Structure formats: structure tokens, C-alpha cells
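Q: Pasting a structure below so you can have a look.
The values are calculated or read from the model by the stated rules, or taken from the named source; none is laboratory data. Everything numeric here is computed off the predicted structure, so don't read it as measured data. Cβ coordinates were reconstructed from backbone atoms using ideal geometry, including for glycine residues, and neighbour counts include every protein chain displayed. Just so you know, the surface numbers come from the protein's heavy atoms only, side chains and all, with ligands and any DNA or RNA stripped out. Shrake-Rupley method; radii C 1.70, N 1.55, O 1.52, S 1.80 Å.
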Amino acid sequence: MADDRAALAAAEATTAAFRAAGERVDLAAFVETLAPSVKLRSPISFRARFEGLDDVTALMRAVFEVIRDIEYFEDVGTSSTRALLYRARIEGQAVEGAIFVRLDERARVAEMTMFFRPLPGLTALTARLTPKLAAQRSRARSLAVAAMTRPVAALTRAGDALGVRLIQPRRR
């Protein structure tokens, strides 16, 4: 029982440090919460894989340049799995996110699976983040990715604004 309480306290301390680092946009403190073999599953693509501290650090550096005003409002779970819920902004677009976290035996983040809503927020993330990541390989890749993702972000933002008016019931 005491071991269970200690493991839960260690997990809660790790995710508290993780959340605080994200809210402060403190990459170094964020990385301190991660296991060396950390894996991150992207909300943008099922195929994208980020494995190990180098990959995840490079990704999170770009993420922290794109996502603003991160505010965590929930942290629930056990000593081995946690769910962290937050609100943020991407280019003025309000978003909500969830991060499913698996912790290793030392209460370090071993795996993260990220989720975003609404769709215009996810496409705004895609349009801002993926060109930054592609630029690490070449300027031409960055330009190509931007050309593919920016129109999708614009269309989903416009569709969201119009779609709500078309489908929402009239209020009397």
C-alpha cells in the first residue's frame, strides 16, 4: 500500500513538472520529465514517429514555437498511465488537447499520445508545425509542405465558421 502511494506520488510529481514546463514553454524542464527512450505519437499523422530524446526534443522545440497560452486543467490517472487535458491557442484558434502518458518504472514519461480538437485547430497546428519540421531537412520540403497544408487549414477554418451556422438549431 505504501509502495502504491509512493508510486502514485512520483507519477503525479512527474506530470506536475511536465505540465508546468509546458505552461512556461520551458523545453529543458520538459525534457527532464522524459525517459531516454521516449516515444511520441502525433495527432497529425498515424505514420509520423518520434522516438528517443533527440527526436522528441526537436519536435517539442517546434511545438513550443507554434502553440501558445498552454493551460492544463486536468491530470488524472494511475502511477503508470495519466491523462493530461489542456487548452491553448494556435494562430488565435482556440484548441483543446489531451495527452495520454505512460510512465516508466522511474516515473519518467516513456510514451505520449496526443489528441487535438477542434479540426480547425488541428489543421492550424499542421499548417504551422509541419513546415518547421520539414525545414530541418530542406527549404524546398518546407515550402512544399506549407503549400499542401495551409489551404487545408484555411478551408477548415472557413468551413467551421459557415458549418456551425448551417447545422446549429435556431435559438428562439
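Q: State whether the residues of the range 104-124 include one that is at negative phi, assigned to a helix (DSSP H, G or I), in contact with a Phe, Trp or Tyr (Cβ under 6 Å, 6 or more places away or on another chain) and at pLDDT below 95. Write out each step before concluding.
A: First, pick out the residues of the range 104-124 that are at negative phi: 104-106, 108-124.
Still in the running and assigned to a helix (DSSP H, G or I): 119-124.
If we keep only those that are in contact with a Phe, Trp or Tyr (Cβ under 6 Å, 6 or more places away or on another chain) too, we end up with 122.
Next cut, at pLDDT below 95 only: 122.
Within the range 104-124, one or more residues are at negative phi, assigned to a helix (DSSP H, G or I), in contact with a Phe, Trp or Tyr (Cβ under 6 Å, 6 or more places away or on another chain) and at pLDDT below 95.
Q: Separate question: What is the residue count in the range 17-31 for residues that are among the charged types (D, E, K, R) and either under 19 Å from GLU96 (Cβ atoms) or in contact with a Leu (Cβ under 7 Å, 6 or more places away or on another chain) (or both)? Give the steps one after another, and end with the answer.
A: Here is the first cut: in the range 17-31, the residues among the charged types (D, E, K, R) are 19, 23-24, 26.
Then drop every residue that is not either under 19 Å from GLU96 (Cβ atoms) or in contact with a Leu (Cβ under 7 Å, 6 or more places away or on another chain) (or both), which leaves 19, 23.
Number satisfying all stated conditions: 2.
Q: Is it the case that GLU65 is touching a residue at least 60 places away in the same chain (Cβ under 8 Å), under 21 Å from VAL95 (Cα atoms) and open to solvent by 30 Å² or more (accessible area, probe 1.4 Å)? Don't jump to the end; show me each part of the working.
A: Details: touching a residue at least 60 places away in the same chain (Cβ under 8 Å): yes; under 21 Å from VAL95 (Cα atoms): yes; open to solvent by 30 Å² or more (accessible area, probe 1.4 Å): yes.
It is true that GLU65 is touching a residue at least 60 places away in the same chain (Cβ under 8 Å), under 21 Å from VAL95 (Cα atoms) and open to solvent by 30 Å² or more (accessible area, probe 1.4 Å).
Q: Would you mention how many residues in the range 11-39 are open to solvent by 40 Å² or more (accessible area, probe 1.4 Å), farther than 25 Å from VAL66 by Cβ and small (Gly, Ala, Ser)?
A: 2
Q: Which of (1) touching a strand residue (DSSP E or B) at 6+ places or on another chain (Cβ under 9 Å); (2) at pLDDT below 95; (3) within 17 Å of PHE64 (Cβ to Cβ); (4) basic (Lys, Arg) does ARG87 not meet, given it meets every other one?
A: In the conditions (1) touching a strand residue (DSSP E or B) at 6+ places or on another chain (Cβ under 9 Å); (2) at pLDDT below 95; (3) within 17 Å of PHE64 (Cβ to Cβ); (4) basic (Lys, Arg), ARG87 misses (2) alone.
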